[in-house]
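The values are calculated or read from the model by the stated rules, or taken from the named source; none is laboratory data. Note that the structure is a prediction, hence the values are computed from the model and not measured. Quick reminder, even Gly has a Cβ in these numbers, built from the backbone with ideal geometry, and neighbours come from all protein chains shown. The accessibility values were calculated without ligands, DNA or RNA, using every heavy atom of the protein model including side chains. Shrake-Rupley method; radii C 1.70, N 1.55, O 1.52, S 1.80 Å.
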Amino acid sequence: MSSKLKILVPLKRVIDFATKPRINKAGTGVETTGVKFSMNPFCDIALEESLRIREANKDIVEKIHAVSIGPTKAQDILRTALAKGADTSTLVDVGNEEVEPLIVAKLLQKVVEKEQSNLIILGKQAIDDDANQTGQILAGLLNWPQATNASKVEIDGTKVTVTREVDGGSDTLSAELPMIITADLRLNEPRYATLPNVMKAKKKPLEKLKSSDLGVELVSRLETLKVEEPPARAAGVKVGSVDELVSKLKEVKAI
Amino acid sequence: MFKKQILLSARLGSCQALNPFRANAVSRFYASGKAVALTADTYSDKVQRDSKYKKLDEKDLLFFRDILKDGNYMISNEQDLEFYNEDWMRKYKGQSQLVLKPKTTEQVSEIMKYCNAQKLAVVPQGGNTGLVGGSIPVFDEIILSLSNMNKIRSFDSVSGILKCDAGVILENADNFLAENGYIFPLDLGAKGSCHVGGVCATNAGGLRLLRYGSLHGTVLGLEAVLPDGTIYSSIDALRKDNTGYDFKQLLIGSEGTLGVITGVSILCPSRPTSTNVAFLAVSSYETVQKVFVGARKELSEILSAFEFMDGKSQLLTGRYLKADHPIESGDYPFYVLIETSGSNRDHDMEKLETFLANAMEEGLVDDGIIAQDEAQSQSLWSWRESIPEASAHDGGVYKYDVSIPLKDLYGLVEAAETKLNEANLVDIDSNDKPVVGAIGYGHLGDGNLHLNVCVREYNKNIEKTLEPFVYEWIQEKQGSISAEHGLGFQKKNYIGYSKSDVEIKLIKDIKNHYDPNGILNPYKYV
Ligand SMILES: Cc1cc2nc3c(=O)[nH]c(=O)nc-3n(C[C@H](O)[C@H](O)[C@H](O)COP(=O)(O)OP(=O)(O)OC[C@H]3O[C@@H](n4cnc5c(N)ncnc54)[C@H](O)[C@@H]3O)c2cc1C
């Protein structure tokens, strides 16, 4: 395998993390009409890392390819990725279908083959379903080494070293390419897309595919039965004295 | 628009730290640890306590206690009083011995009736974020805080009319409206602290005026207690009502000198579902104006904010936020924040991008960024909204909030800087000089400039260098010496620079008519 990096960055379009999701009337999911969508923050971090790898290691990156599996509108986040510095992109248009991590991984596997990628950097999870599975399943399908929840990535030739924050310290892994990395929150702080680059991005390639073009069938194994709001917090009570506080705490068996 | 929201906890869990600036709402911020000098001392050449006002005694305390029913609604211990006696800039400090925090309009009425009869002077106080020293006593005036009157009274989701107590915090009102798909037609950097009643009392302008107009248009009715205790109410007024003098207009912008506002009815627009924010770097003030003309023309109905900032304001904000400027390609003389609000993201984005592409092509904009998501929007807004805090961060700030015809607007900052340099008072880095620098920013869309002279300490020499120089400069350009912050204590003696003798006489007549004893917010306004 050539030592040049061909990085693949999968990106998911999700409800903007700063908007409060509302449950739809049917109680089957989250209301999506009139709601702002943006790039999943962890995907943004993954993209940022790929850009930083290119900036920090001259001539080592051949190409950064962004891919999104989602509705036609997911083009918007691909344009953002192109504006930030991805070279090319692919949209796998699956309409408004919710696609489970296994299928996402299967589609990504096909894109990896097509693009001949040798380094895949993904967000550790998407903030809508919080599944935290895609990177791992993809590693299984490809039979590649994986380093999840990366907080630091270093490249030395074909060797990749990843630091992960774990309970009580850090864990350092290294492997030879090809490899899969999933990005944790503290890996980096994503940049802004600058105006000149937003304009240039309009001319960068955005390939559009259907899942059938990749020979993957969209099947769901899971059925969502119900989506509920977390229970509202009960109002607090005011106590007049320490004694009263103690007796109230005892009442609710807190002490 | 910059907003704080409560997220579903599950969603927040993993990405809480994604936006370092989200807690930007101004709570109580302190410019420096130094003690604030008493206004009575600093300005002893300007004001003396008027002996016609009675000094508070035990009997009064008993009376108030009786009205308020509960000692918790009165504050009279030294330490707790400090918070109410000092202003946001830590420039002024009063010596009130008593804060009253009524819960009902009737209580306010009884308090005023009593104070009027006893000739006890009173300062109405909202969130105490006012910037002209109006919200705190000069001497020993009683502070009447509206903070316990904090209930939403009603909301009509068809007409968009919100009725609430005066003490509701602006951000809480806006969050409540957001839940209902509406927006408060006014927004400003102090939203986390200032009151709905307070913004009416000061006729605050803020960040959305360009889009939604002034409170003189959006406030439909007020409930207020007049100095003699009379309860005035037009809170049930409808949008169209041409019967008689529109008295509430006098209360809007009266800065606590005419009545205590206790309730507000305001017409709220529906909340835009699509907002975009762009931050641009521009090479000269002339070009800033060109970008503005272009923005108005090409973005037209979706343009909701056009804020400009000079390079130095961004430098100081960067120091204060301890962050790199979002525009990384260099330091520029001017920056512009443009916000669009609409109902169709694709349409709005296309308009914005076309406008920006043209502006880049014509060489009006040197560099720029467009926020890709809400977190970036908020973070870009923080570079505008943190300027007031940043400007006071080194010790203090002399604030001049002025309207000047657009072409001359920025000239004031240059003139002030020159004047301070001539007096040898300025150094941006060295602590040897008392002035850090003069910065300019503001709501360009409304012809409104904030000239902030950032200082390491308040001192008479700086003040004498700036005043009346700044006011004379503005008068010469036919501007207003107070575009939105009001007169308060700071500008009391300078109203003549912006208003004619006839206008001033009419204002005084009205004041004397409704407050013949002069008990409401004395030593201020006119
Ligand atoms: C960070 C920051 C940003 C700001 N940005 C803007 C801006 O963009 N535009 C702008 O116009 N202003 C701005 N301001 C100043 C603005 O005047 C105040 O923030 C706000 O309008 C005051 O509300 P408040 O409740 O804090 O009133 P206070 O500061 O408590 O009082 C202000 C005046 O109103 C009177 N008052 C208050 N409540 C009542 C009441 N219920 N009845 C009668 N009188 C009352 C007081 O006596 C006083 O004279 C800013 C201030 C800060 C600190």
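Quick notes
- With the highest mean first, a sort of the peptides A:222-229, B:428-435 on other beta-carbon atoms found within 10 angstrom per residue produces B:428-435, A:222-229.
- Proximal charge balance of residue B:68 [Cβ under 13 Å; K/R count +1, D/E count -1]: -1
- Cα shape, segment B:394-485, gyration tensor, a/c 1.5 rule: prolate
- Violating pairs (Cα-Cα greater than 23 angstrom) within the set B:464/B:511; B:399/B:460; A:238/B:69; A:106/A:204; A:25/B:163: B:464/B:511; A:106/A:204; A:25/B:163
- Between 0 and 90 degrees, the angle of helix B:105-118 with respect to the longest Cα principal axis of chain B falls at about 60 degrees.
- Summed buried accessible area for B+A [probe radius 1.4 Å, Å², rounded to 100]: 3300
- Three-way shape call for the protein assembly as shown based on the alpha-carbon gyration tensor, with the a/c threshold at 1.5: prolate
- Carbon/sulfur fraction of accessible area - segment A:5-222, other protein chains in place, 1.4 Å, %: 46
- Fully extended contour minus Cα-Cα distance, from residue B:343 to residue B:114, at 0.36 nm per residue: 77.3 nm
- Take each residue of peptide A:35-46, count the partner chain Cβ atoms within 10 Å of its Cβ, and average: the result is 3.
- Around residue B:329: net Lys/Arg minus Asp/Glu count, Cβ-Cβ under 11 Å: -4
- Shown in residue order for segment B:474-490 are the 3J(HN,Hα) couplings computed by the Karplus curve 6.51 cos²θ - 1.76 cosθ + 1.60 at θ = phi - 60°: 5, 4, 4, 8, 6, x, 10, 6, 9, 6, 9, 7, x, 9, x, 8, 4 Hz (x for Gly and Pro).
- Placing +1 on each Lys and Arg Cβ and -1 on each Asp and Glu Cβ, with no other charges, gives the protein assembly as shown a dipole about its Cα centre of roughly 740 debye.
- Electrostatic tally near residue A:72: other residues with Cβ closer than 9 Å to its Cβ, Lys and Arg +1, Asp and Glu -1, net +1.
- Of all beta bridges that DSSP places with both ends in the protein assembly as shown, some 70 percent have antiparallel geometry.
- Within the accessible area of segment B:152-267 (1.4 Å probe), percent carbon and sulfur: 52
- Inter-label distance for residue B:315 and residue B:478, nm, one decimal - labels placed 7 Å from Cα along Cα-to-Cβ: 3.5
- Antiparallel bridge percentage (DSSP; both residues within segment A:5-222; nearest 5): 40
- Mean residue ellipticity (222 nm) of chain B, computed from DSSP H runs ≥ 4 via -39,500 (n - 2.57), nearest 500: -9000 deg cm²/dmol
- Taking amide H as placed 1.01 Å from N in the peptide plane, residue A:23 has its amide H under 5 Å from the amide H of A:31, each at least 5 places away in sequence or on another chain.
- Segment B:27-145: antiparallel DSSP beta bridges as a percent of all, rounded to 5: 35
- Partner shielding of A:8-20 amounts to 4, given as the average count of beta-carbon atoms from other chains within 10 Å of each residue beta-carbon.
- Length-normalised contact order for chain A - Cα pairs under 8 Å, 6+ apart - percent: 24
- Shielded residues, segment A:178-198 - accessible-area loss of 50 Å² or more between chain alone and all protein chains, probe 1.4 Å: A:185, A:192, A:195
- For residue B:483, the residues whose modelled amide H falls within less than 5 Å of its own, excluding neighbours fewer than 5 places apart on the same chain, are B:401, B:402, B:403.
- Shielding value for A:230-236 is 1, the average number of Cβ atoms from other chains within 10 Å of each residue's Cβ.
- Shape call, segment B:459-526: gyration tensor on alpha carbons, a/c limit 1.5: oblate
- Heavy atoms of the protein chains alone define the surface here; on that basis chain B has 39 Å² accessible area per residue at 1.4 Å probe size.
- Folded to 0 to 90 degrees: helix B:285-299 orientation relative to chain B principal axis, Cα: 90
- Per residue, the accessible area of segment A:147-255 comes to 70 Å² when a 1.4 Å probe rolls over the protein heavy atoms.
- Solvent-accessible area lost in complex, 20 Å² minimum, residues of segment B:368-415 relative to chain alone, 1.4 Å: B:368, B:369, B:370, B:372, B:373, B:374, B:375, B:376
- Apportionment of accessible area to carbon and sulfur, segment B:28-97, percent (1.4 Å): 48
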